Protein chains: 2
Amino acid sequence: MTQVTSPWKTKGSRFVYENPWIHVREDDVVQPDGKPGIYGVVHFKNTAIGVLPIDEDDKICLVGQYRYAIERYSWEIPEGGCAEGEDYLDAAKRELIEETGMVASDWTRLGCSHLSNSVSDELAIFYLATGLTRGTPNPEGTEELAYKHVTFDQALDMVMQGEITDALSILAITHYGILRLSNKV
Amino acid sequence: MTQVTSPWKTKGSRFVYENPWIHVREDDVVQPDGKPGIYGVVHFKNTAIGVLPIDEDDKICLVGQYRYAIERYSWEIPEGGCAEGEDYLDAAKRELIEETGMVASDWTRLGCSHLSNSVSDELAIFYLATGLTRGTPNPEGTEELAYKHVTFDQALDMVMQGEITDALSILAITHYGILRLSNKV
């Protein structure tokens with residue numbers, strides 16, 4: 001039986017930190033077992049948007065960049081943030097053109113996910129983009145991007161071999177992989 | 001060509017917040033385009049561990065709990081944190097027995113992922129657990145858990161229909177789904 005009311009009680013909340021992307025607070029709580037505790041919550045101002053762009057040769061465009069927070073280089077699908085109030089699909093179209101220069105004629109929503117629900121409310125939405133027309137990328141100043149065109153099967157292999165570790169990229173690639181392997185696309 | 005040195009420069013760093021689970025800092029940076037900026041980084045003290053337990057009837061045990069950070073009820077695979085210095089597999093065994101009471105004789109590492117690499121360094125490792133023996137769960141005080149036994153196909157359907165939104169659960173279920181559908185298990 002799914003319980004809809006929270007077994008947690010919030011007794012107070014203090015502001016900790018804010019920047020253009022996240023807001024951190026610490027709540028005084030009563031835990032489900034009735035004991036007092038604290039809960040640090042990282043609120044994400046943007047929704048994470050991921051785009052799996054597949055062209056007529058069954059190739060997808062992977063974007064490579066150094067990720068500051070993990071201190072590692074990462075190969076990913078085109079991704080970006082959707083500000084509050086912006087339409088998810090509009091943000092997906094904007095990110096695809098910004099990061100890869102491509103425009104897609106067909107869009108399919110593949111799924112959504114809470115990326116790290118023990119600490120944050122970050123939500124991710126991911127799309128399949130087909131019917132692609134090429135153009136010139138126009139990345140943000142915080143992005144120094146490389147590009148790699150691989151077949152979908154190669155991308156799926158990269159996921160299964162642990163060469164792609166970015167959760168949002170894996171989510172989009174495996175969702176589409178499941179649909180393909182079960183002959184639903 | 002994969003670039004291994006960071007195109008970011010860190011000029012300074014200030015402590016923002018710490019609790020038993022996360023540490024937040026704000027770095028003064030020079031962005032890849034040479035412009036000054038800031039980067040708020042959420043460091044996770046624990047590695048997230050997920051376990052996909054499949055029994056001899058092809059059923060998996062899903063764990064339901066209210067997630068404070070997203071203010072929603074969530075059905076997930078058994079999950080927990082691995083402290084620095086603890087072995088990932090030991091943590092997986094501990095979490096499985098704590099949350100479900102089950103002991104597994106066979107363990108297979110399915111994959112790993114950075115859950116939210118634009119802001120945090122949170123790493124997740126996920127396992128398949130088989131050869132299960134049932135016992136009595138012993139959850140933490142912060143957990144008020146419900147249980148649901150579904151076949152693997154039902155769990156995969158729940159993922160594809162968006163009924164399971166927890167990233168780590170989706171990652172484990174889709175990885176195993178890909179292996180099954182491509183006849184690799």
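A compact table of results
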{"item": "Selection status of A:T142, farther than 22 Å from B:W75 by Cα, out of contact with any His (no Cβ under 7 Å at 6 or more places or on another chain), facing chain B (nearest Cβ under 10 Å) and modelled with pLDDT under 95", "result": "yes"}
{"item": "Test result for B:R109, among the charged types (D, E, K, R), in contact with a helix residue (DSSP H, G or I) (Cβ under 9 Å, 6 or more places away or on another chain) and within 14 Å of chain A (Cβ to nearest Cβ)", "result": "yes"}
{"item": "Residue match in segment B:157-171 (condition: touching a strand residue (DSSP E or B) at 6+ places or on another chain (Cβ under 9 Å), assigned to a loop (DSSP other than H, G, I, E, B) and either surrounded by 19 or more Cβ atoms within 10 Å (Cβ to Cβ) or among the hydroxyl-bearing types (S, T, Y) (or both))", "result": "yes"}
{"item": "Search result, residues across segment A:16-33 that are in contact with a Lys or Arg (Cβ under 6 Å, 6 or more places away or on another chain), of a type in the set (D, E, K, R) and surrounded by fewer than 16 Cβ atoms within 10 Å (Cβ to Cβ)", "result": "A:D28"}
{"item": "Residue identified as more than 14 Å from A:L171 (Cα to Cα), modelled with pLDDT under 95 and not β-branched (V, I, T) among A:E71, A:E98, A:E86", "result": "A:E98"}
{"item": "Any hit, segment B:139-153, residues being more than 23 Å from A:V42 (Cβ to Cβ), in the same structural domain as B:D57 (by TED's automatic domain parsing), surrounded by 20 or more Cβ atoms within 10 Å (Cβ to Cβ) and not hydroxyl-bearing (S, T, Y)", "result": "no"}
{"item": "The lone exception for B:V63 - which of (1) outside the structural domain of B:G141 (by TED's automatic domain parsing); (2) in contact with a Pro (Cβ under 9 Å, 6 or more places away or on another chain) it fails", "result": "(1)"}
{"item": "Residue that is nearest to the other protein chains (Cβ to nearest Cβ), among those in segment B:112-139 that are under 23 Å from A:S113 (Cβ atoms) and of a type in the set (V, I, T)", "result": "B:V119"}
{"item": "Which listed residue is of a type in the set (K, R) and within 14 Å of A:E144 (Cβ to Cβ), from B:K11, B:K35", "result": "B:K35"}
{"item": "Residue in segment A:34-42 that is loosely packed, with under 14 Cβ neighbours inside 10 Å and either more than 7 Å from chain B (Cβ to nearest Cβ) or within 15 Å of B:R67 (Cβ to Cβ) (or both) present", "result": "yes"}
{"item": "Residue list for segment B:113-147, restricted to those being in contact (Cβ under 8 Å) with a residue 40 or more places away in the chain, in a strand (DSSP E or B) and closer than 29 Å to B:V185 by Cβ", "result": "B:S113, B:L123, B:A124, B:I125, B:F126, B:Y127, B:L128, B:A129, B:T130, B:L132, B:A146, B:Y147"}
{"item": "Conditions (1) within 12 Å of chain B (Cβ to nearest Cβ); (2) out of contact with any helix residue (DSSP H, G or I) (no Cβ under 7 Å at 6 or more places or on another chain); (3) not β-branched (V, I, T); number of the one not met by A:Y88", "result": "(1)"}
{"item": "Hey, B:L128 within 17 Å of the chain's Cα centre (by Cα) and more than 30 Å from A:G37 (Cβ to Cβ) or not", "result": "yes"}
{"item": "The listed residue being crowded, with 16+ Cβ neighbours inside 10 Å, more than 27 Å from A:P20 (Cα to Cα), in contact (Cβ under 8 Å) with a residue 12 or more places away in the chain and touching a His at 6+ places or on another chain (Cβ under 8 Å), out of B:K93, B:K59", "result": "B:K59"}
{"item": "For A:I70: the one exception among (1) facing chain B (nearest Cβ under 7 Å); (2) assigned to a strand (DSSP E or B)", "result": "(2)"}
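The values are calculated or read from the model by the stated rules, or taken from the named source; none is laboratory data. Here the structure is a predicted model, which means the values were calculated and not measured. Quick reminder, even Gly has a Cβ in these numbers, built from the backbone with ideal geometry, and neighbours come from all protein chains shown.
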